[in-house]
Each structure stands twice: as C-alpha cells, then as structure tokens.
Amino acid sequence: MKLENVKHIGIIGTGMIGTSMAVLFTGHGYKTTLFAVSPELQKSSKEKYDRFYQDFVDRNMMTKEQVGICEKYLNYTLDYNDLADVDVVVECVFEELQVKFNIYKNIEKYCTNAKAIISTTSALSVDDLVDGLDKYKDIMVVAHPFNPPHLVPFFEVVKSKYTRDGVTEHVVELLEAVNRKVVVLKKSAPGFIANRLQHALFREAIYIVESGIADARDVDIAAMYSFMPRYTSIGIFEHLDNSGVDLNYNIENYLFPSLSSAQCAPKLICDKMDAKEYGVKSGKGIYDWSKVDMKDFSERISAPYWNYFNWKLPTE
Ligand SMILES: NC(=O)c1ccc[n+]([C@@H]2O[C@H](COP(=O)([O-])OP(=O)(O)OC[C@H]3O[C@@H](n4cnc5c(N)ncnc54)[C@H](O)[C@@H]3O)[C@@H](O)[C@H]2O)c1
C-alpha cells in the first residue's frame, strides 16, 4: 500500500542504480526527482529509464498507457533546491567515500524536510558513511540493493549507531510498499549477507578449478542443475533442517577441512588480472565471450526475476 507520509522522494545519482530506483518508485506512484550533475547524464538516465519500462511493455507486463502514467511521477533536476521538500533521499553515487561525503553536505544544506537518508552503497560501512554527516547522522541507513533494484526484489538494510528509533522501520516500510523483500542486519558486516554468501561460493568454485577437480563450465553446470534452483523456493537453513542437522554435522566435519580458506583473491583471478582478461567487458575472462550471443545472455541474467513482478501500478 502506498505510504501517505512519503509525498516526494529525491534520488541523487543518475547511473544504473539511481535510474532503476526511479523506475521502482514511479512504478508505484511516488513523486520522484532525480538529481543529475549534467544535462548529458540526465539524458542518458532518461534513456535507461525508458528502456527499463520498454522491457516491461515488450513482455506484456504493462501497457504503454500505464508507462505514461508512471512517468508522470518522474522529474529530473540539475538544481538541489528542487529537493527541498523531499521526505526521503536516496544516494546512489560513485562508490567513493569522498564523493558521497560531498553529496551529504548538499543533502544537509538543501533537503531539510528529509526523514530518512538512504545510501545504496555496495560495500561501504554505514559507520564510515555517517562520518560525512553532521546534523542528519540519526536519519541515515544503508539499503543495499542488487542490480537492477526494479527487478531484483531484495534489499538488506543496515543502521548505524546513530540511527534513531523509527528511521529503519520507516525505510523498511517504504521498501516493502514498493514490493521489495527486506532484511535488517543486526550489525554492520562487510558484504552484508547476500554478497558474503555469493563470494563464499565464488571462493570454492575457483578453488575447485584451481585444484583440477573440474573445469569452470562443469562447476557452472553442477550449480545450475543441482542445488541452485531449489533456493528460489526454499532457504538455506530450511534445506539444512530438511536434510537433517545430524547429516550435515557429519558432512561438515569430514568436508570443511578440504574446502578453500583463501584470505585474498586466488591465483586464477590474479593471473586473469595480469592478462587484463576482465570478463565480458574485455571479451575474455574465465570464458571466451567473443562468440557468445550477448542478447541471449542478457535475457538469461534477468529471466528468473520477471516472475517476482507484482506491482500495483498507479492508475492516474
Ligand atoms: N551497479 C551495481 O551492481 C550496484 C549494486 C548495488 C549497489 N551499488 C551501489 O550503488 C551506488 C551507485 O552505483 P551505480 O552502479 O549506479 O554507479 P554508476 O557509475 O552507474 O552511477 C553513479 C552516478 O553517480 C553520479 N555522481 C557522481 N558524482 C556525483 C556528484 N558529485 N553529484 C551527483 N551525482 C554524482 C554520476 O553522475 C553517476 O550518475 C554505488 O554506491 C554502488 O556501489 C551498485
């Protein structure tokens, strides 16, 4: 249900995450203003915004008329004064502390009506981020999305030691009102929850390849066709209980000593770095991407997430 106490949302940063957040908020009928640093970045953000909505239209999930109604809630500005009355500010700028601190100075100067400041940082600790705030330390939280947040329906929220009662709850309520699943961490931790899990899996996958147990393609096949599909409908601990704590006790005592305990990026990754084989962006990484059908690949990246679409689109 739309929150009555959120009349206007300000987003600072018109990149991937900022634009996708604008799709999410306008798609639920929230007046949203995106602050852009230049007309060029405003233009490229609007092109992305239109493309994201076109994807819904192409899949018959929305009509062009509905997209037109959502778009009525979207504004761009190059002037911080237009964020004076926002109730919530979402900071989605480059992942550099100093860049974010500069933005926070402007938030404190111009967004004097804000009840919550949200940073979408991937990795920075909320306790470091609040150092960039002076009078608004108590309304900041991190809400970490997965890319793109209008499709991936999950946020992990972290409060700082300064966050005052009610702010985290308000942010959770807003994210739930736009149909996201939200978890609140009990304390700050690098990688939050989901990236800790994902990178623990990467570490072992790389170790299997480095140890000559299997090649990368077979590791991918094993994951995609064995346990991974299950985890879109049950959780890890649900599976642990279902398979039996006693069974897992025995397996862990036997298996854990042979798993990777790498404390930094493994050799396989360092060698790729030295060879400048960065993956898709350079045409070669673990795989050779030069002959891959990238249109098909990008369809596959988003494929499971369309199933989560359950927005109540604005009607006027
Ligand atoms: N892309 C991802 O996969 C992902 C996932 C989760 C979280 N995040 C986090 O979200 C944030 C944004 O990431 P992104 O991928 O959208 O980055 P991006 O590079 O696509 O966009 C960053 C935006 O910041 C803007 N910016 C830079 N300096 C600015 C300033 N002084 N004033 C106003 N705007 C400024 C840029 O103009 C750009 O539009 C980062 O903190 C990132 O770590 C990214």
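The values are calculated or read from the model by the stated rules, or taken from the named source; none is laboratory data. For clarity, every value in this text was computed on a predicted model and none was experimentally measured. Please note: Cβ atoms are built from the backbone with ideal geometry, for glycine as well, and neighbour counts cover all protein chains shown.
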Which listed residue, of 290, 243, 260, 282, is loosely packed, with under 10 Cβ neighbours inside 10 Å, hydroxyl-bearing (Ser, Thr, Tyr) and modelled with pLDDT of 95 or more
290
Given the criteria near the ligand (Cβ under 9 Å from one of its atoms), under 20 Å from residue 177 (Cβ atoms) and of a type in the set (A, V, I, L, M, F, W, C), does residue 17 qualify?
yes
With respect to residue 74, determine if the residue is in contact with a strand residue (DSSP E or B) (Cβ under 7 Å, 6 or more places away or on another chain), away from the ligand (no atom under 12 Å from the Cβ) and over 14 Å from residue 11 (Cα atoms).
no
Among the candidates 24, 41, which residue alone is among the hydrophobic types (A, V, I, L, M, F, W, C), under 21 Å from residue 176 (Cα atoms) and within 22 Å of the chain's Cα centre (by Cα)?
24
Picked from the stretch 126-137 (must be crowded, with 16+ Cβ neighbours inside 10 Å and not β-branched (Val, Ile, Thr)), the residue nearest to residue 85 (Cα to Cα) is 136
Tell me the strands (runs of 3 or more DSSP E) entirely within the stretch 130-185 that contain at least 3 residues that are within 13 Å of the ligand (Cβ to nearest atom) and either in the same structural domain as residue 87 (by the TED database) or modelled with pLDDT of 95 or more (or both).
140-145, 154-159
Unique residue being touching a residue at least 60 places away in the same chain (Cβ under 8 Å), within 23 Å of residue 231 (Cα to Cα) and of a type in the set (A, V, I, L, M, F, W, C) when the list is 152, 182, 93
152
Taking the condition of being among the β-branched types (Val, Ile, Thr) and in a loop (DSSP other than H, G, I, E, B), how many residues in the stretch 102-129 meet it?
3
Only one of these is closer than 22 Å to residue 315 by Cα, more than 16 Å from the ligand (Cβ to nearest atom), out of contact with any Cys (no Cβ under 7 Å at 6 or more places or on another chain) and not hydroxyl-bearing (Ser, Thr, Tyr): 27, 68. Name it.
68
Here is a list of conditions, (1) touching a Lys or Arg at 6+ places or on another chain (Cβ under 6 Å); (2) surrounded by fewer than 14 Cβ atoms within 10 Å (Cβ to Cβ), and residue 154 meets all of them except one; can you say which number that is?
(2)
Taking the condition of being over 14 Å from the mean Cα position of the chain (by Cα) and among the acidic types (Asp, Glu), how many residues in the stretch 82-99 meet it?
4
Those residues of the stretch 261-272 which are outside any loop (DSSP other than H, G, I, E, B) and over 25 Å from the mean Cα position of the chain (by Cα), in sequence order
267, 268, 270, 271, 272
Every residue from the stretch 87-129 that is away from the ligand (no atom under 11 Å from the Cβ) and among the hydrophobic types (A, V, I, L, M, F, W, C)
88, 89, 111, 114, 116, 117, 126
